[in-house]
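The next block holds one structure in the form of structure tokens; read it before the comments.
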Amino acid sequence: MALGIEQLDDFVASYLQKYPMGKWQDISSPLQEYMFASRLFDSANKREMSTSQCKWKLKVDNNNNFQVVGLYHRDSSSRVNVLTEGSLKWGMTTTNYHYDIDEETFAQGADAIVDYMNLQEQSLMQDFFAGIEDLMFGAGPSSPTQSPFPPVSLLWWITATDDSTTENNSEEGFDGYEPLGWGSTGVGGISCTTYAQWRNRTFPYTTVDRTTSSRR
């Protein structure tokens, strides 16, 4: 028996999460595995922040009070700020699905309706993971003022530039500075010039492709 129009929204909301996946084969995804979905989506959950930006503390120094002493040594002590704060704007994304109550499926009974809506929800999640995958392995935000502001990526955090202006495939060492366009702001608001330990390791590759990057 078909559902009435006034019943449809409540029916979908009440039963969709409890209903098993429908009997369809899925060939819509361009990749067999999404790294963000399989490795980061559940394990990288960060505690909730009620701030306008994502903020974290970074230990950048020690008091350096260790010393060699002799008999009756007069002790001395120094104190420095050992913490600094990093911050980044939140990157926001969205996806959705919609349905029309005049679609043919909605006249075919409860099983057909929920199976169809479950298909739409599965598609929504795949859209989300595919989109986030592209962002995670993309270039990241081009500047602090980019709008809308995308989530930062792996290539934003791990750079091949030693001057923040050109991707110059820096020499071997911890010479990865701020991403392009971020030299005056710092990586997460923290300067790679001030704090050398904040730089990522670099190495000059002549070719990066699926063959060379998969070698151990």
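The values are calculated or read from the model by the stated rules, or taken from the named source; none is laboratory data. Model, not experiment: these values are computed from the prediction. Positions of Cβ are backbone-derived with ideal geometry, glycine not excepted, and every protein chain shown enters the neighbour counts.
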Handout entry: Test result for GLY138, modelled with pLDDT under 90, within 17 Å of the chain's Cα centre (by Cα) and within 30 Å of GLU178 (Cα to Cα)
Key = yes
Problem - Failed criterion for PHE128 (all others in (1) in contact with a helix residue (DSSP H, G or I) (Cβ under 8 Å, 6 or more places away or on another chain); (2) more than 23 Å from ILE190 (Cβ to Cβ); (3) among the hydrophobic types (A, V, I, L, M, F, W, C) hold) - result: (1)
Fill in the blank from the handout: Exception for HIS98 within (1) in contact with a strand residue (DSSP E or B) (Cβ under 9 Å, 6 or more places away or on another chain); (2) part of a loop (DSSP other than H, G, I, E, B) falls at (1)
Practice task
Please work out which residue is farthest from GLY140 (Cα to Cα), limiting yourself to region 181-216 and to residues that are at pLDDT 90 or above and of a type in the set (A, V, I, L, M).
Solution key: ALA196
